[in-house]
Amino acid sequence: MSTASAATDPKALQDEFNPFLSMAKGFDTAADHLGLDEGVREVLRRPDRELTVAIPVNMDDGSLRVFTGYRVQHNFSRGPCKGGIRYAPDVNLDEVRALAAWMTWKCAVVDIPFGGAKGGVICDPRQLSQVELERITRRYTAAIMDIIGPDRDVPAPDVNTNEQTMAWIMDTYSMHVRRTTTAIVTGKPLAIGGSRGRHEATGRGVMLICREALKKIGLRPENARVVVQGSGNVGGIGAMLLHREGYRVISMSDMYGAIVDEKGLDVPAVLAHLKKTKKLEGFPGARTISGGTEQLELDCDVLVPAAVENQITTKNADRIKAKLVVEGANGPTTFAASEILDKRGVVVVPDILANAGGVTVSYFEWVQDRMGYFWTEERVNTTLEQIMVKSFADVDAVAKRYRVSLRIAAYILAIDRVASVYRMRGVFA
Ligand code: NAD
């Protein structure tokens, strides 16, 4: 697809914005470099299992509504599937498929013994009460019971789900199997088998990857101006940790807009303001701009898209000024836009490496639950740092060896690891 046509042709744009097609393009490019044979390519390209469920729920106003939920398990070769559950009005099967496949590649990049899965429910949490959300969660859990489990598929939080959602899933599953099963989900509250450091893990991983990538482009943290899109679990905590390490965070955003202060934002004060007012807008001393492309095109050194998919596209990739893009979100850069950034010499650390801190500490949580022995925060953070630093070096080495971008290198590393295990295990019949 030529970039010019993608920016103007509606069909090309539709394809560009389809996360599953974006994933497939990265996969195919890497598979070509590896010379992967057609059969294994066909196996790894498509999800192993897809489940669509109807979720009837009694609403607070007395009506009965039926929601649609999905769980897609992409690949089991390296271990049980692992992946978050997302609640949003625009959840769709192609998105869940892409996110499930990215989980397979992500777990392989950081070399943890899981395959990839993802789940989602089509709903708008802002329009639902806590009780309705609890009923949706419990019925969705019951509907996917047969395919999840500590040795089968272990869900976690994603957009609009949190520790409370995980507590409800853990309880529902445990009631069905008649024993407390903490290892059924990760991202739980500490009191019921959560891990220290899990809440901050994805943001911490983003911070560590920024540090490693900055060395590659020869810039010191204190000289790096950073723009962060999103101020939730990944963006908010990522910005906070970058600020603590001496980076100058000049802009942050939420779904309503972005704030900018070229002198550098006081990130803890911004997050306190957000907690109090539920919006970034109105933060004293900062100017307000729109949160989409206007923020992404700000003059900066490091751009951390940490909100949603399809933010850097063929429509704005030419105007991105950052030298380094660290993908906190899943799929924030379309495949076509990624190629434009590569040609312009912008270093892009792909999602399947940059935001892998979350699933890495989820793995620690699952290990701790199964041992019934809990680690100190220091042990969690130190082990996370070792894994993130090694994974960055592994991907960088593959990039140099194959002369490809970090995105294609991450896919090559991951596909090679999954394919070799697949061949070792062989085909069950
Ligand atoms: P979250 O719900 O905590 O935060 C999302 C943030 O994005 C909020 O600040 C929201 O206001 C903002 N936002 C939403 N739409 C926006 C838009 N159009 N423009 C700008 N900002 C917008 O979610 P999260 O857990 O931080 O997840 C963010 C991304 O990171 C997702 O792509 C998710 O899949 C990915 N991710 C999350 C984790 C994790 O551990 N939470 C791990 C890996 C990847």
Answer residue from the stretch 253-270, given it is within 16 Å of the ligand (Cβ to nearest atom) and part of a loop (DSSP other than H, G, I, E, B) and is least open to solvent (accessible area, probe 1.4 Å) among those: Leu265
Qualifying residue in the stretch 300-310 (condition: open to solvent by 60 Å² or more (accessible area, probe 1.4 Å) and closer than 23 Å to Glu212 by Cα): no
Whichever residue in the stretch 49-76 is touching a residue at least 40 places away in the same chain (Cβ under 8 Å) and of a type in the set (D, E, K, R) and, among such residues, is farthest from Val131 (Cα to Cα): Arg49
Any hit, the stretch 232-251, residues being more than 24 Å from Val359 (Cα to Cα), within 13 Å of the ligand (Cβ to nearest atom) and open to solvent by less than 50 Å² (accessible area, probe 1.4 Å): yes
Selection status of Asp318, free of Cβ contacts under 8 Å to residues at least 40 places away in the same chain and in a helix (DSSP H, G or I): yes
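Just to check your reading of the model, which residue among Val154, Val159 is β-branched (Val, Ile, Thr) and surrounded by fewer than 24 Cβ atoms within 10 Å (Cβ to Cβ)?
None of the others qualify; the one that does is Val159.
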Set Gly358, Gly291, Gly328: member being within 16 Å of the ligand (Cβ to nearest atom), touching a strand residue (DSSP E or B) at 6+ places or on another chain (Cβ under 9 Å) and modelled with pLDDT under 95: Gly291
Criterion violated by His74 - all others in (1) at pLDDT 95 or above; (2) of a type outside the set (Gly, Ala, Ser); (3) in a helix (DSSP H, G or I) satisfied: (3)
Meets criteria (modelled with pLDDT of 95 or more and either open to solvent by 40 Å² or more (accessible area, probe 1.4 Å) or assigned to a loop (DSSP other than H, G, I, E, B) (or both)) for Glu385: yes
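Going by what's in this entry, would Val395 be described as buried (at least 22 other Cβ atoms within 10 Å of the Cβ), under 20 Å from the mean Cα position of the chain (by Cα), on the phi < 0 side of the Ramachandran plot and not small (Gly, Ala, Ser)?
For Val395, the condition - buried (at least 22 other Cβ atoms within 10 Å of the Cβ), under 20 Å from the mean Cα position of the chain (by Cα), on the phi < 0 side of the Ramachandran plot and not small (Gly, Ala, Ser) - is met.
So which residues in the stretch 321-336 are part of a helix (DSSP H, G or I) and under 19 Å from the mean Cα position of the chain (by Cα), if there are any at all?
Phe335 - this is the single residue of the stretch 321-336 that is part of a helix (DSSP H, G or I) and under 19 Å from the mean Cα position of the chain (by Cα).
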Tally of residues being open to solvent by less than 10 Å² (accessible area, probe 1.4 Å) and in a helix (DSSP H, G or I) across the stretch 337-358: 9
Matching residues in the stretch 152-178 - criterion: being charged (D, E, K, R) and more than 16 Å from the ligand (Cβ to nearest atom): Arg152, Asp153, Asp171, Arg178
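The values are calculated or read from the model by the stated rules, or taken from the named source; none is laboratory data. Computed from a predicted structure; not experimentally measured. Note that each Cβ is placed from the backbone with ideal geometry, even for glycine, and that neighbours are counted across all protein chains shown. Heads up: the accessible areas ignore ligands, DNA and RNA and are worked out on the full protein's heavy atoms, side chains in. Shrake-Rupley method; radii C 1.70, N 1.55, O 1.52, S 1.80 Å.
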